[in-house]
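The structure under discussion appears below in the form of structure tokens.
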Amino acid sequence: MNIKTITSLATFGLILLTGCQPAQQEVADLVLTNAYVYTVDKSRNVEQAIAIKGNTIVYVGSSEDVAAYIGDSTDVRDLGGAMVMPGIHDMHVHALGTVQPDMCDLDSESLSLEQMVPVLQACIEEYEIAPGDWLIVLQWAFSSGNQPSENLPNIRAALDAVSENHPIFLWGDDGHHGAANSLALAMASNEDGEVIGLSADTLNSDFADFRLMVGVDESGEPTGGINEDARMLVRPNFLEDMLGMGAAPEDTMPRVAARMAESGITSLQDAIVTSQTLSSYGWLEDSGLMTFRLRAALAEPPTENIDDIDDHLRSLQMKRDQFADSKLIQANAVKLFADGVLEGNPLTAPPTLPVAAMLQDFKQPIFGGSIDDGSFDIVGYVDQERESCKAVQANPEDYSEIDRIKAFESEYGFFPQQCIPQSGILEHHEAFIRAYIRKATEAGFHVHVHALADKAVRIAVDEFGKVKDLADQSGLTQSLAHVQIAHPDDQKRIGELGIFVVFTFVWTASGTEYEMMVAPFIDEIDGVADLYNTDNYYMKNVYPAKSIQDYGGILVNGSDAPVGSRDPMPFVSLGQAIYRSNGETVLNEKERIDIHSAIAAFTINGARLFGHDDKLGSIEVGKIADIIVLDQNIVELAEKDEPGKIGNTKVAMTIFDGKVVFERSE
């Protein structure tokens, strides 16, 4: 796309053509003309030109009439028919994690365990990591690859093969999974700070509360996979490692601003903000380099003691007050984790169950076949009502010895652990989740809740309903993040309450390899061929965007970067809101939304959640000029039934607060 800058001499002719203009007519600083301006106003009008004075839009209309706003000093851009739209709102992102740190990073590459070993050994050499020091690995693709081999039956064995002289920890690219080698597992500390290691014994004693978060073999020994809070037993540096929160602001924040500008993101909600992170954002605003508006969703308390909530909120109120006069930063929201994630691991024996809490117990699939020849599949399910399982349930301690476990597996074809009903766990106990939502609302904070599975969604929605009147009276928003699966009753309730739901739409293009980690644990699936059967509860209710919208819920975009990718890739995600396909499979086709709803989710709906839709989110006279220019017309692509091409869209120009802050070179 060719954007032409018209010189002041060239504009002189345009001025003459306009004839006499009213004396009070404003002369614009910047004019965009000859464009496809998708305004996102209430009528979804498409115009041709925009005039901007200072940071304010003073005209939206035809290329002919915009000439009245052109003066000698006006910067005029002929866009050659390019699409223009409001700047993107990314309302669930970890912005500091979107820039690449100088450390070992797998960049979400799918690797078998055999392939992974030399890659990580190369990291030890490249970064000159001395024996005894940590090898920390970022962006491990936990849900892709990781195929075992005869020599490397699990991730622990693979990491031991990398090095027995370095503690090794892999942070999953979803922010919820991790993996460790034997040396790292041996460094796990209990709540008293005593190093006791993660083992079958400690999982039955000090770490019993973490058992569902740790992958184990048939004898109960950890196989290396460590999820959710269990990761902190081994490596408590999540925010510094994964999200880059330990870096000096002068090293990181200008790069964050550049990343947002080139992505077309002009407003965002950072979904976990600590005191240090907030100071970094403050540094960026003071530097004059900030290219976006920020709502900070301040981190939850370090404990789940309800009695500590009030003190925690008082400390957050001080942070809110500190930024009360900021032009670009609002520290007026809180983030709460209600649950974790829904992926199990079918490649371990026994299969590792998902962690996030469900309304119904998980199924216990039996897997068979080979990954190598493509025959790997679901071959059956454990009947937990059978007599052999009832015996295990009555006396589980009788099935803790390895010989007894092997004999049971040999006789019945599954493991005694699979006889024990499990429905997952909440991130905090229910009373704490409810109390925090209520108390944060009473303290005047917007409340943003990570609720991925149906039980957490139900609890959060129910509590939102109880405090809705107070939230509305105080001008506060209520939002859920992710909502991978929600019961139909709760989808309807979300709509009735007008709750904002922040979807990471790119996750709706997951594919068979990923869905094998989820669906077989929720429904009894008749093999891979039955995986996408929409009669099943999971497939019928996975990422229910269209249903929630139809009920009255408000759809909003949130990339969750660096989860999955450091790149927020807004147009890949926007395309998937419409397409929901990886090109081979479609995830719950009835939940596709149209192009206009998708653009609204990325613009005006995000502005409504942010609370500044009176000033931003659409291209209208009187609003602030946060605007982007694209290299292709995404509306036309959708109308031509080519949504798969939307993901290739690039931002050609970003205008923030009336100023051009990014231009893509030819």
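Using only Cα atoms, locate the centre of the range 384-452 and the centre of the range 129-168, then give the distance between them in Å, rounded to an integer.
So the two Cα centres are separated by 27 Å.
Whose amide H sits under 5 Å from the amide H of Phe662, counting only residues 5 or more places off or on another chain, with H placed in the peptide plane?
Close amide H contacts, sequence-distant or interchain: Thr654.
Could you give the length gained on full extension between Met232 and Glu496, defined as 0.36 nm per residue of separation minus the Cα-Cα distance, in nm?
Contour length minus the Cα-Cα distance gives 91.2 nm.
How large is ³J(HN,Hα) for each residue in the range 584-589, as worked out from phi by the Karplus curve 6.51 cos²θ - 1.76 cosθ + 1.60 (θ = phi - 60°), to whole Hz, x for Gly and Pro?
For the range 584-589, the Karplus curve yields 10, 10, 10, 9, 6, 4 Hz.
Give me Lys406, Lys327 sorted ascending by neighbouring Cβ count inside 10 Å, so fewest comes first.
Sorted ascending by nearby Cβ count, the order is Lys327, Lys406.
Taking 0.36 nm per intervening residue step and subtracting the Cα-Cα distance, what contour gain separates Ser149 from Ser400 on full extension?
Extra length from Ser149 to Ser400 when fully extended: 87.7 nm.
Between Glu114 and Ile420, what is the FRET efficiency for a Förster distance of 30 Å, r being their Cβ-Cβ separation, to the nearest 0.05?
0.35
Give a residue-ordered list of calculated ³J(HN,Hα) values for the range 228-237 (Karplus: 6.51 cos²θ - 1.76 cosθ + 1.60, θ = phi - 60°; whole Hz; x for Gly, Pro).
6, 5, 4, 4, 5, 5, 9, 9, x, 9
Counting only helical runs of four or more DSSP H residues, what would the 222 nm mean residue ellipticity of the chain come to if each run contributes -39,500 (n - 2.57) and the total is spread over all its residues?
Rounded to the nearest 500, it is -8500 deg cm²/dmol.
Quick one: P(r) of the range 102-241 from all Cα-Cα pairs, 10 Å bins, percents rounded to integers, in order of increasing distance.
Computed distribution, short to long bins: 13, 47, 34, 7.
Using θ = phi - 60° and the Karplus form 6.51 cos²θ - 1.76 cosθ + 1.60, what ³J(HN,Hα) does each residue of the range 594-606 get, whole Hz, x for Gly and Pro?
7, 4, 5, 5, 5, 4, 4, 4, 8, 10, 5, 5, x
For the pairs Lys327/Lys659; Lys546/Lys615; Lys42/Lys466; Lys335/Lys468; Lys335/Lys623; Lys319/Lys623, flag any whose C-alpha to C-alpha distance is greater than 22 Å.
Lys546/Lys615; Lys42/Lys466; Lys335/Lys623; Lys319/Lys623
Starting from the Cα gyration tensor of the range 579-666, take the square roots of the eigenvalues, sort them a ≥ b ≥ c, and report rounded, prolate or oblate (rounded when a/c is under 1.5, otherwise prolate if a/b is larger than b/c, else oblate).
Cα axes put the range 579-666 in the oblate bin.
Using alpha carbons only, how many angstrom separate the centre of the range 588-642 from the centre of the range 28-80?
Measuring centre to centre over Cα atoms gives 18 Å.
List the residues of the range 509-530 whose backbone N lies under 20 Å from a point placed 7 Å from the Cα of Lys590 along the Cα-to-Cβ direction.
What the label zone holds, given the 20 Å backbone N cut-off, is 509-510, 519-520, 522-526, 530.
Going by how many other beta carbons lie within 10 Å of each one, how would you line up Asp594, Asp325, fewest first?
Asp325, Asp594
At a 10 Å Cβ-Cβ cut-off, how would you order Lys439, Lys42, fewest neighbours first?
Lys42, Lys439
Say R0 is 60 Å: what FRET efficiency, to the nearest 0.05, do Gln473 and Asp530 get from their beta-carbon distance?
0.75
Normalised radius of gyration for the range 29-179, please: alpha carbon Rg relative to 2.2 N^0.38 Å, two decimal places.
Its radius of gyration relative to the 2.2 N^0.38 Å reference: 1.77.
Applying 1/(1 + (r/R0)^6) with R0 = 25 Å to the Cβ-Cβ distance of Asp383 and Asp209, what FRET efficiency is obtained, to the nearest 0.05?
0.30
DSSP loop (so not H, G, I, E, B), at most 12 other Cβ within 10 Å: list which trypsin sites (Lys or Arg not before Pro) in the range 575-666 pass both filters.
Counting only loop positions with at most 12 other Cβ atoms within 10 Å, the trypsin sites (Lys or Arg not before Pro) in the range 575-666 are Lys640.
On a C-alpha basis, how far is the centre of the range 251-271 from the centre of the range 175-196 in Å? Whole number, if you could?
Here the answer is 33 Å between Cα centres.
Would you pull out the residues with amide H under 5 Å of Ser423's amide H, same chain only if 5 or more places away, H placed 1.01 Å from N?
Phe362
If I compute log10 I(q)/I(0) by the Debye sum over Cα atoms at q = 0.05 Å⁻¹ from the structure I just sent, which labelled value in [x] -0.64; [y] -0.54; [z] -0.25 lines up?
The listed entry that was calculated here is [z].
Tell me which residues come under 5 Å, amide H to amide H, from His92 once H is placed; ignore anything under 5 positions away on its chain.
Gln269, Ser559, Asp560
Please determine, in degrees from 0 to 90 and to the nearest 10, the orientation of helix 570-579 with respect to the longest principal axis defined by the Cα atoms of the chain, where the helix direction is its Cα long axis.
Around 70 degrees separate the two axes.
Note down the nm distance, to one decimal, between modelled labels 7 Å out along Cα→Cβ at Lys327 and at Gln632.
Rounded to a tenth, the inter-label distance reads 3.7 nm.
If you project the alpha carbons of the range 66-125 onto the principal axes, what extent comes out on each, in Å, largest first?
Per principal axis, max minus min of the Cα coordinates gives 66, 25, 24 Å.
Only sites in a loop by DSSP and with at most 15 other Cβ atoms within 10 Å count here; which GluC sites (Glu not before Pro) in the range 126-219 make the cut?
The qualifying sites are Glu128, Glu150, Glu164, Glu191, Glu194.
Hand me the GluC sites (Glu not before Pro) from the range 488-538 located in a DSSP loop with no more than 10 other Cβ atoms within 10 Å, in residue order please.
Of the GluC sites (Glu not before Pro), not one in the loops of the range 488-538 has a Cβ with at most 10 other Cβ atoms within 10 Å.
Every read-out reported here was derived from the displayed coordinates using simple, explicitly stated rules and does not represent laboratory data. Bear in mind the structure is a predicted one, so any value in this text is a computation, not a measurement. Virtual Cβ from ideal backbone geometry, glycine too; neighbours counted across all protein chains shown.
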